[in-house]
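Novice: Let me begin by handing over the structure; questions about it come next.
The values are calculated or read from the model by the stated rules, or taken from the named source; none is laboratory data. Note that this is a predicted model, so its numbers are computed, not measured. Glycine gets a Cβ as well: all are built from the backbone with ideal geometry, and neighbour counts include every protein chain shown.
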Amino acid sequence: MSEGSPLRALILQHEDPTPPGHVVEWLEQHGAEVEIVRIDLEDADRDPHDLDLIVSLGSEFAAYDDSREFVPREARLLRAAIDADVPILGLCFGGQMLARVLGGKVFRGSESEIGWVRVATRDPGLVPEGPWFQWHFDVIEAPPEAEVIADNELGTQAFRSGRSLGLQFHPEVTPEIMDDWVRAYRHELDADGVDPDELLAQTAERAEESKRTTWQLFEAFWGRIARLDHRGAS
């Protein structure tokens, strides 16, 4: 896209209970034209050259499960975006997909992470230590050429590759999204012995602080990683 025209952002959503949350408000503050696609329901055949940014959200499915038709479909789209130098912001499943297409590994972890978790960060100006909300069973092993920004004892929590950033956690989450997740995925909480009421209470208590931290991350991604303020420049 040329400099001065609205930024075009494509958001990939994978099921009803996983909307973009804070992502839309952040992009709209930058005057972006935002398109949300349910890639699990439609082909989403987009030319990355017509886009300035792709954001891939969370999913209950695994980034390595090609039996789900949308998984290889999304892998092809993200690979094309990388080849076209279009930045990608991957959130949880989206971060796992980004790792996969860049040659990293995604696999079932030895344990799950559900709740508000601090991470060990090498760049707190980009990825503060949190706490960040986690809800995942799979683990990222960062791609060979990527820079690991944050991690913990289970694996990579944030990595950078070129103009793209993959995250294992959910900066987009809001109290409203958490309400939906607790209803939709209650069986996962029960299996892991997680108290849903405590999860909801913690999310409500942390809502304002979490939004401030999320904006710090998003803005650092925008300016330092994706360099979207300079798109179209020669």
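Novice: Restricting to region 140-162, and then to whatever is farther than 28 Å from ASP85 by Cβ and not charged (D, E, K, R), can you tell me which residue is surrounded by the fewest Cβ atoms within 10 Å (Cβ to Cβ)?
Specialist: ASN152
Novice: Could you list, in sequence order, the residues of region 28-59 that are in a loop (DSSP other than H, G, I, E, B) and either under 27 Å from PRO175 (Cα atoms) or modelled with pLDDT of 95 or more (or both)?
Specialist: Of everything in region 28-59, those that are in a loop (DSSP other than H, G, I, E, B) and either under 27 Å from PRO175 (Cα atoms) or modelled with pLDDT of 95 or more (or both) turn out to be HIS30, GLY31, ALA32, ILE39, ASP40, LEU41, LEU51, ASP52, LEU57, GLY58, SER59.
Novice: Across region 174-190, which residue is surrounded by the fewest Cβ atoms within 10 Å (Cβ to Cβ) among those that are farther than 15 Å from GLU113 by Cα and of a type in the set (Asp, Glu)?
Specialist: Once the filter is applied, the top-ranked residue is GLU176.
Novice: Return the pairs, sorted by first residue and then second, in which the second residue is in a helix (DSSP H, G or I), the first residue lies in region 19-36 and is surrounded by 16 or more Cβ atoms within 10 Å (Cβ to Cβ), the beta carbons are less than 6 Å apart, and the residues are 6+ apart or on different chains.
Specialist: What qualifies is GLY21/ILE177; HIS22/THR214; TRP26/PHE218; VAL34/VAL24; VAL34/LEU27.
Novice: Could you grab the pairs with beta carbons closer than 9 Å, sequence gap of 6+ or different chains, first residue in region 1-13 and farther than 17 Å from ASP47 by Cβ, second one modelled with pLDDT under 90 and surrounded by fewer than 20 Cβ atoms within 10 Å (Cβ to Cβ)?
Specialist: Short answer, once both residue conditions are applied: GLU3/HIS230; GLU3/ARG231; GLU3/GLY232; GLU3/ALA233; GLY4/GLY232.
Novice: Only one of these is among the basic types (Lys, Arg) and over 20 Å from GLY162 (Cα atoms): ARG76, ARG38. Name it.
Specialist: Result: ARG38 is the single residue among ARG76, ARG38 that is among the basic types (Lys, Arg) and over 20 Å from GLY162 (Cα atoms).
Novice: Related question: Mind checking which residues of region 41-92 are at negative phi and of a type in the set (Asp, Glu)?
Specialist: Across region 41-92, the qualifying residues are GLU42, ASP43, ASP45, ASP47, ASP50, ASP52, GLU60, ASP65, ASP66, GLU69, GLU74, ASP83.
Novice: Separate question: Looking only at residues that are over 20 Å from ILE82 (Cα atoms) and either touching a Leu at 6+ places or on another chain (Cβ under 9 Å) or of a type in the set (Gly, Ala, Ser) (or both) in region 41-72, which one is surrounded by the most Cβ atoms within 10 Å (Cβ to Cβ)?
Specialist: SER59
Novice: When you look at ALA120, is it over 20 Å from LEU217 (Cβ atoms), hydrophobic (A, V, I, L, M, F, W, C) and surrounded by fewer than 19 Cβ atoms within 10 Å (Cβ to Cβ), yes or no?
Specialist: no
Novice: In addition: Answer yes if at least one residue in region 14-27 is among the small types (Gly, Ala, Ser), within 23 Å of ARG212 (Cβ to Cβ), assigned to a loop (DSSP other than H, G, I, E, B) and touching a Ser or Thr at 6+ places or on another chain (Cβ under 6 Å), and no otherwise.
Specialist: Yes - at least one qualifying residue is present in region 14-27.
Novice: For region 128-234, list the strands (runs of 3 or more DSSP E) that sit wholly inside it and hold at least 1 residues that are farther than 26 Å from GLU28 by Cα and out of contact with any His (no Cβ under 8 Å at 6 or more places or on another chain); which are they?
Specialist: So the answer is 132-141, 147-152, 155-161.
Novice: Given the conditions (1) in contact (Cβ under 8 Å) with a residue 40 or more places away in the chain; (2) out of contact with any Leu (no Cβ under 8 Å at 6 or more places or on another chain); (3) polar (S, T, N, Q), and given that SER161 satisfies all but one, which numbered condition is not satisfied?
Specialist: (2)
Novice: Can you work out which of the residues in region 203-234 that are among the polar types (S, T, N, Q) and under 22 Å from PRO124 (Cβ atoms) is nearest to the chain's Cα centre (by Cα)?
Specialist: It comes out as THR214.
Novice: Of (1) touching a residue at least 24 places away in the same chain (Cβ under 8 Å); (2) under 19 Å from the mean Cα position of the chain (by Cα), ALA184 satisfies all except one. Which?
Specialist: (2)
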